[in-house]
Amino acid sequence: MQQQVPFYGSFVNGEVILTEEEHIFKNINPATSEVIGYVKRASVDTVKYALESAEKAFEIWSKKSYHERSSILFKASQIMKNKREELARLLTIEQGKTLSESRKEVDVSIRMMEFFAGEAGRLIGEFDEADRSDLSTFYIREPLGVVLVLTPWNYPLAIPAWKIAPAIMAGNTVIFKPASYTPIIGLKLVEILHEAGLPRGVVNCVTGSGVEAGEMLIRDNRIKAITFTGSTEVGLRIASIASEHLARVQLEMGGKNACVVLDDANLDVFMQGFLSATFGVAGQKCTATSRLIITRNIKEKVLDRILELTKKIRVGNGLREDVDVGPVVSESQMESILRFIESGKRQGAKLLIGGARLRGGEYDNGFFIQPTIFDEVTPDMEIAQEEIFGPVLSIMTVDSFDQALEIVNNSKYGLSASIFTNDLSKAFRFIKEAKVGVTLVNMHTNYNEPHMPFGGIKMSGFGLKEQGRKALEFFTEIKSVYIKP
């Protein structure tokens, strides 16, 4: 007997809202096109209920001690550890990434919860000596109120975790709108937080499209801050709307990340993370390496090694343990990537490998694209400038470090860039002169750790950084205090 497809709805004030029968969209497995759930779009009344619930909960939650908030995050991280395999499997079925990648995402989410729970004893202000001897001066940090968390579909568990954890740790309440392609894993995270003891109304999850529920929330003056990860176009619109009522905004947007390989690079070290950085999550991550800039003297050696590895990549359903790369998230995403590939061919880039949708057998039911590498790419080409967000690598050849650095910075984006070299002076010049938010030396562009600030510049990011202690600065307001005894 065929298993019945479950229904999902918004999670507001500690309960699931399943009354909106007329607002339903299908959630599908991108590897098989099978329907894995019917998700109900939040109505106007549900969005209003979420706002009211979050406002009411703030009055109580903001008065809780840091220890009380911390204990809930720690407990949630333990529940996630116990459900690691279940969460990883759900991630793969809903988003498409491999089980190996999904397990890593669950682990990152757990680590984020633990990190922000551990910040409980460090959420402090600072005492300063006053100019006058009869005064004492200091400042304290206070929560903002109701904050809006808008997250993408590529990391639908980790990104909500690293936004929601600092928001509630600081004493705010949250309205969370997950991406419409991947709402189920987001709902699961909210359920886990409540299982850990989170009071009703502190975190509310509203399902639906960004155009409907998202825009309504962005415009509401009860929203005191908005943290968003997604496309640059949407981020700019959010900033424009939010400015009308002076909501604080944190935007993590597109990337066109470059990796530079110089003559003296250790190619064994370079190859160690190449596959994950370039084709991991089918290239659908903001920190993916999409531009590879190689000095001419070693180009052939590098090409030989990356082509040899790329030919061995196994693409397929992420539930299979022997698969390296899964499908892209949707048919529309697949079509967008294929249009960029055609643009590369049309503008004169040399296709070395891949370049098409995979066909035959299981591939016909999913959204699979061959890992693709272009050579002889020039900086003015569309594939060198625009974020493709798929398994496509553009290779550019240079004759010097200075030329490589110029190409790195020839982008409207500025998220991440890496360099492989044994020349310390060039490494430090790269750190200082690469116009990005994250630089890496002898490491690939996709690496980050929970305690380190994360975010881009230019069209890649705006506002205070995510992760680390900087995340808590975004979610708090400073109040200065003067005391005359």
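Every listed requirement among (1) out of contact with any His (no Cβ under 9 Å at 6 or more places or on another chain); (2) closer than 29 Å to PHE7 by Cβ; (3) without any contact (Cβ under 8 Å) to a residue 60 or more places away in the chain is met by ILE184 save one, (3). Flag set for ALA76, criterion: under 30 Å from GLU142 (Cβ atoms), assigned by TED's automatic domain parsing to the domain that holds VAL146 and part of a helix (DSSP H, G or I). Within segment 224-246, restricting attention to residues that are without any contact (Cβ under 8 Å) to a residue 40 or more places away in the chain and farther than 24 Å from GLY390 by Cα, the residue that is surrounded by the most Cβ atoms within 10 Å (Cβ to Cβ) is ALA242.
For segment 340-361, give me each residue that is under 30 Å from the mean Cα position of the chain (by Cα) and without any contact (Cβ under 8 Å) to a residue 40 or more places away in the chain. It would help to see each step written out before you state the result.
In the first step, residues of segment 340-361 are kept if they are under 30 Å from the mean Cα position of the chain (by Cα); the result is 340-345, 349, 351-359.
Hits for segment 340-361 are GLU342, LYS345, LEU351, GLY355, ALA356, ARG357, ARG359.
Do the conditions hold for VAL249, that is, is it touching a residue at least 40 places away in the same chain (Cβ under 8 Å), of a type in the set (A, V, I, L, M), closer than 30 Å to VAL149 by Cβ and not assigned by TED's automatic domain parsing to the domain that holds GLY366? It is true that VAL249 is touching a residue at least 40 places away in the same chain (Cβ under 8 Å), of a type in the set (A, V, I, L, M), closer than 30 Å to VAL149 by Cβ and not assigned by TED's automatic domain parsing to the domain that holds GLY366. Considering only residues that are assigned to a loop (DSSP other than H, G, I, E, B) and polar (S, T, N, Q), look in segment 36-73 and name the one that is nearest to SER10 (Cα to Cα). Restricting to residues being assigned to a loop (DSSP other than H, G, I, E, B) and polar (S, T, N, Q), the top hit is SER43.
Return the residues of segment 211-230 that are among the small types (Gly, Ala, Ser), closer than 16 Å to VAL249 by Cα and modelled with pLDDT under 95; say none if nothing qualifies.
Filtering segment 211-230 down to residues among the small types (Gly, Ala, Ser) leaves 213-214, 225, 230.
From the residues that got through so far, the ones that are closer than 16 Å to VAL249 by Cα too are 214, 225, 230.
Listed by number, the list holds a single entry, GLY214.
Within segment 227-282, the set of residues being assigned to a helix (DSSP H, G or I) and in contact with a strand residue (DSSP E or B) (Cβ under 6 Å, 6 or more places away or on another chain) comprises GLY235, ILE238, ALA239, ALA242, PHE270, ALA277, THR278, PHE279, ALA282. GLU105 falls short on exactly one of the conditions (1) more than 30 Å from ALA277 (Cβ to Cβ); (2) touching a helix residue (DSSP H, G or I) at 6+ places or on another chain (Cβ under 9 Å); (3) without any contact (Cβ under 8 Å) to a residue 60 or more places away in the chain, and that condition is (1).
Within segment 391-413, can you find the residues that are assigned to a loop (DSSP other than H, G, I, E, B) and either among the polar types (S, T, N, Q) or over 20 Å from LEU303 (Cα atoms) (or both)?
First, the residues of segment 391-413 that are assigned to a loop (DSSP other than H, G, I, E, B): 391, 399-400, 410-412.
Listed by number, the residues that qualify are SER400, ASN410, SER411, LYS412.
For segment 215-268, residues that are closer than 30 Å to LYS299 by Cβ and not β-branched (Val, Ile, Thr) total 13.
If I filter segment 367-389 for residues that are assigned to a loop (DSSP other than H, G, I, E, B) and among the small types (Gly, Ala, Ser), do I get at least one hit? The answer is no, given that none of the residues of segment 367-389 is assigned to a loop (DSSP other than H, G, I, E, B) and among the small types (Gly, Ala, Ser). Scanning segment 371-389 for residues that are touching a residue at least 40 places away in the same chain (Cβ under 8 Å), out of contact with any strand residue (DSSP E or B) (no Cβ under 6 Å at 6 or more places or on another chain) and crowded, with 18+ Cβ neighbours inside 10 Å yields a total of 4.
For every residue, the table says whether it meets (1) among the basic types (Lys, Arg); (2) more than 20 Å from VAL328 (Cα to Cα); (3) surrounded by fewer than 21 Cβ atoms within 10 Å (Cβ to Cβ); (4) within 23 Å of the chain's Cα centre (by Cα).
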site: LYS81; (1), (2), (3), (4): yes, yes, yes, yes
site: GLU101; (1), (2), (3), (4): no, no, no, yes
site: MET112; (1), (2), (3), (4): no, yes, no, yes
site: ASP131; (1), (2), (3), (4): no, yes, yes, no
site: ASP134; (1), (2), (3), (4): no, yes, yes, no
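Could you count how many residues in segment 310-364 are in a helix (DSSP H, G or I) and touching an Asp or Glu at 6+ places or on another chain (Cβ under 6 Å)?
Step one: filter segment 310-364 for residues in a helix (DSSP H, G or I), giving 310-311, 331-346, 361-364.
From what's left, touching an Asp or Glu at 6+ places or on another chain (Cβ under 6 Å): 343.
Count: 1.
The values are calculated or read from the model by the stated rules, or taken from the named source; none is laboratory data. Since the structure is predicted, the reported quantities are computational estimates derived from the model, not experimental observations. A quick note on method: Cβ atoms are made from the backbone with ideal geometry, for glycine too, and the neighbour counts reach across all protein chains shown.
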